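First the structure, which I've put down as C-alpha cells, then a few questions once you've had a look.
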C-alpha cells in the first residue's frame, strides 16, 4: 500500500499540489480565481516558459544551458536599440535577435561538441561573455524611448507600436504572449514526441554512446539542441522588450534560475523523471501561481524566493527518491 | 611457515539468479607458494576469487586460515585478514595525481590515526624501503599517472607489503605486460614468496604458469577439475582439463552457398591494440575472429564500425570504399555492430523496446515533415519481436527490465530492418542463457542464409568452431592464423591465441 501511495504521489503529486495551492489562494483571496487574474498569471509566465523550453531541450540531450539568461538580456537590449537608436523596420527587429540566439547556441555547441568542454562549464563561460557584450553594447544603460546619450544628444526613435502589441496586445480577449506560449508548448511537445528529430534528441540524452552506436549523429543532435535553446531564449528576450516597452539592462538574469526550477519541477509531472515540455509548462505555471498568490497575500517578493526554493526541493525529492528506489 | 596457517576454502558454492556458478569448490593456498588458478572464461575462477576477496558473499562453504574460520562479508573484512587482490585494471586502484609514496601509504594516510601532521620525508623513506625490498627503484616522488603499466603494478604490489598482506590474488597480471616486464614481475613474485606470502596467480599464458607456479588448479563449469603440483602436469593436460567436453551446445549450422566478397579490410590499425588487420568476409559466410580477452577484438570491431578513429587502413563493402568516419556513416555503408558492452552501448536501458528497435530506421518510419508514423513503428517492433523471439510484456516495456538474452536480441533486432550487409557481433553470448544463445545462433544463421556477411568476434572457441565457416585467430592486435571450418581443433586455437605466431612444437 505504501508503495502504491508512493507511485501515485510520484505521478500526480505535482498536479495535486498545484490544485491545493490554487484552492488555498482562492479561499484566502476572492480575486485570485477570476478569469482576469488567471490570464494575468499565464501572461506573467509566458516569457519564462519560452526560456524554460530552451533549457528543457538542452537538458533533454543530457546537457545544460546556463547562458539562456544572458541571451535574454542581450536580445532584449538588441531589439530595443534597433528601434530606438537605429529605427530599423519591424522585420529586422524581429529577425536579428533570433539570429543572435542561434549564434550564441552555435558558440555553445562549438565549445561543447568540438572542443569538448563539459556543458555546464562551457555555457557558464558563454554566459559571462554574452552578459558582458550586452552591457558593453549599451554601456550599462537601459534603453528607453528617445533616451538621452552621455553627450547630451537624444536617441532618434521610439518603440514601434506594432512591436509593443506582441507583448501587450490581445487576440479575442486573450493576451497575445499567452497565445504564443501555448503554441510554443504544443509545438515543442509535438516536435519532441512525434517527430524523428525529437526522438533522436531524447535518445541521445538517454545514452549518448548507445545512440551513437545506433547510427544517430549525436554531435549534430547536441549542436541543434543548443541552437534551439538559444533561439527560445531570444524569443523570450523579444517578448520581454515588447512587454515592458524598453530595453532593461540585465533583464534575463533572474530568468535563468526560474527557468531551471520550472524544468526540474517538470521532472515530477506524470512521473516522467526526465526533462519534458509539458512538465516544464506545469512547472512554469506553478511558479506563476505562487508569485501571483503570494503577492496578493502581501508576501514580500524577496520572501517568495524561499517558497519557490522549498517547492523545488519538494519536487526534486519526489523525483529522486523515486528514481533511486527504481534503480535499487 | 607451518602448514597449519594455510588458507583453505571448503565446499564453496554460489549461484546467480538460480544459475549455479560454483558448486562445492575446494581451494587451498599455503604461505609462500604460488598457486595458479586456470579456467576458460566463465569457469568460475573470478567468482571464486571475488568470494575470497569479499566482493561477493558465498551461498555456502567455509573459509579458514589455519583452524580459524573467517567471516568475510566485504573487501574490508578480507583486507583485515591480510587477503588482498590486485585487479587487472590497475588504474582504478591508484590515485593518478598522487605520488608513488602517497599511493603506497594511502590506507595509512586515510586512516587518520596518529599525528595530524604528515611526515612526508618519513613516508617517502618508508616507501623507498618497501620498493627496495622487491628490488624496484621507482622514484617515490613520481606521480602515479606518469608510471608505465608495469610500474603501476609494482606500486600496487609494494602497497600490499605496506598493508602486511598474507595472501595475494594477482588477476591476470601479465596480460598487459611485455615479456621482459613479465619476467621482472616474476622476480617480484619470488620476493613475495620469500616473505611468506601466498599468491593466487591467474593467467591465460600457459608457459609462464608452468614456470612460476608451485601448484596448478584448473576450474571448469564451476568445479575444480584438476589440482596438481606444477611439476606433475603437462600443458596438454591443462588445456584438456580447461576445455573438457564442452561441445554440449548445439550449433544450428546450415549449409549456405557462399557468394562474392562483401567486406574487405586492408591493414587497419589504431594505437597498439589493433596493429594492421586485413580480412575479408563473403556473402553468406560467417567468419569468426577468436582471441583471448585483450587481444584487440573489441577494438577491431569498433574501428570497422567507425566508433573509434583508425590510424590507417581501408575498408570496402561490396567493392565500394566504405566511409567509416562515424557509426552513422558506417551504417550507411552497410556495416552494423552488436557491441560487447550491451547495457552501455548496445541498447538504451531507460527506453522502451519500441524506441530501441526503431532508432536506426527512424527515417523509414517517418513522413516528409519528420513525423513518425506510430502505426508503422509499432508494426515494425511487433514484427521484429516475433521474428527474433524477444520475450517482452509489451512494446512499451523498458529494455532494462528484460533478461540479458532478450536485451541482446533487441540490440540485434534494431539492425534487422536497416540496409546493413555486414553484421558484426562482439561477444554476443556474454551473460546470455542457453536458450537465448541458441536463438542468437539461429538469427546469425538466418542472416548468413539471407546473403549477409557475418563477422563474429569471440573468446569462446567452441562457438567459433560450431558456427564459423572460417576462423581467424587474433593475438596482440594482429591476425596470426587462419583456419577453414573443420580444419582446426580447440587446442590449436587456444595455442595460437595465447602463444601468437610461433608454430606448435
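Cut-off is 10 Å between beta-carbons; in what order do B:49, A:296 appear when sorted fewest neighbours first?
Exposure proxy ranking, most exposed first: A:296, B:49.
From the square roots a ≥ b ≥ c of the eigenvalues of the alpha-carbon gyration tensor of segment A:213-320, which class results: rounded (a/c under 1.5), prolate (a/b over b/c), or oblate?
Here segment A:213-320 falls in the oblate category.
Additional query: Over the whole of B:344-350, what's the average partner chain Cβ count within 10 Å per residue? Rounded to a whole number, please.
6
Whole angstrom only: what separates the Cα centroid of segment B:418-487 from the Cα centroid of segment A:1-33?
57
Given the options A:208, A:87, A:30, which has the most mean-square fluctuation in a GNM of chain A, springs set between C-alpha atoms less than 10 angstrom apart?
Highest fluctuation of the listed residues: A:30.
Separation between the residue B:20 and residue B:77 pseudo-spin-labels, each 7 Å from Cα along Cα→Cβ, expressed in nm?
Label at residue B:20, label at residue B:77, 2.4 nm between them.
Have a look at A:234, A:184, A:78 and tell me which one the Gaussian network model of chain A (Cα, springs below 10 Å) gives the largest fluctuation.
Between A:234, A:184, A:78, it is A:184 that shows the largest mean-square fluctuation.
Of the residues A:160, A:276, A:29, which exhibits the maximal mean-square fluctuation in a Gaussian network model of chain A defined by a 10 Å Cα contact cut-off?
A:29
Regarding segment B:3-243, what's the average projected area of the Cα-atom convex hull, expressed in nm²?
Computed as one quarter of the Cα hull surface, the answer is 13.4 nm².
Sort A:3-15, A:53-65, B:207-219, A:259-271 by the packing proxy (mean of other Cβ within 10 Å over each peptide's residues), most packed first.
Peptide ranking by packing, descending: A:53-65, A:259-271, B:207-219, A:3-15.
From Cα pairs below 8 angstrom and at least 6 apart in sequence, can you work out the relative contact order of chain B, rounded to a whole percent?
15
Find the relative contact order for chain A and round it to a whole percent, using C-alpha pairs within less than 8 Å whose residues are 6+ positions apart.
Relative contact order of chain A: 33 percent.
Additional query: Report the Cα-based extents of chain B along its three principal axes, largest first, to the nearest Å.
On the principal axes, chain B reaches 73, 53, 45 Å in Cα extent.
Something else: Once you have all Cα-Cα distances for segment B:348-417, histogram them in 10 Å bins from zero and send the whole-percent values.
23, 56, 19, 2
Can you compute log10 of I(q)/I(0) for the protein assembly as shown with the Debye formula, treating each Cα as one identical point scatterer, at q = 0.07, 0.10 Å⁻¹?
Once normalised to I(0) and log-transformed, intensities are -0.72, -1.17.
Still on this structure, I have one more. Taking the beta-carbon count within 10 Å as an exposure proxy, list B:83, B:188 from fewest neighbours to most.
So the ranking, lowest neighbour count to highest, is B:188, B:83.
Note down the relative contact order for segment B:3-243 as a percent, whole number, built from C-alpha pairs under 8 angstrom at least six residues apart.
It comes to 29 percent, rounded to a whole number.
Please state, to two decimals, what the Cα-based radius of gyration of segment A:1-111 comes to when divided by 2.2 N^0.38 Å (N = residues).
Against the compact-globule rule of thumb, the ratio is 1.54.
What is segment B:24-79 by shape, rounded, prolate or oblate, if you read a ≥ b ≥ c off the alpha carbon gyration tensor as root eigenvalues and call it rounded for a/c under 1.5, prolate for a/b larger than b/c, and oblate otherwise?
oblate
Between 0 and 90 degrees, rounded to the nearest ten: what's the tilt of helix B:404-413 against the longest Cα principal axis of chain B?
40
Determine the shape class of chain A: with a ≥ b ≥ c the square roots of the Cα gyration tensor eigenvalues, call it rounded for a/c under 1.5, and otherwise prolate if a/b is greater than b/c, oblate otherwise.
Since a/c reaches 1.5 but b/c is at least a/b, the shape of chain A is classed as oblate.
Could you please state, rounded to a whole Å, how far the C-alpha centre of segment B:153-209 is from the C-alpha centre of segment A:262-313?
59
Kindly work out what percent of the DSSP beta bridges joining two residues of chain B are antiparallel, to the nearest 5.
Counting only bridges with both partners in chain B, antiparallel ones make up about 55 percent.
Hey, what angle do you get for helix B:120-133 against the long axis of chain B, alpha-carbon based, 0 to 90 degrees rounded to 10?
On a 0 to 90 degree scale, this one is about 80.
If one computes the Cα centroid of segment B:28-97 and of segment A:198-259, what distance in Å separates the two points?
Spelled out, the Cα-based centre of one part sits 50 Å from the other.
Now, a different point. When a footprinting reagent is the concern and you count Cβ atoms within 10 Å, what order do B:351, A:26 take, fewest first?
With the fewest neighbours first, B:351, A:26 line up as A:26, B:351.
So what's the angle, to the nearest 10 degrees on a 0 to 90 scale, between helix B:490-499 and the longest Cα principal axis of chain B?
Helix B:490-499 sits roughly 60 degrees off the main axis of chain B.
While we're here: How far, in nm, would the chain grow between residue B:55 and residue B:163 when pulled straight, counting 0.36 nm per residue and subtracting the alpha carbon separation?
Between residue B:55 and residue B:163, full extension yields 37.0 nm more.
We did not get these values from a lab; they are worked out from the coordinates using the rules stated. Just so we're clear, the structure is a prediction, and the values are computed from it rather than from any experiment. Backbone-built Cβ (ideal geometry, glycine too); neighbour counts: all protein chains shown.
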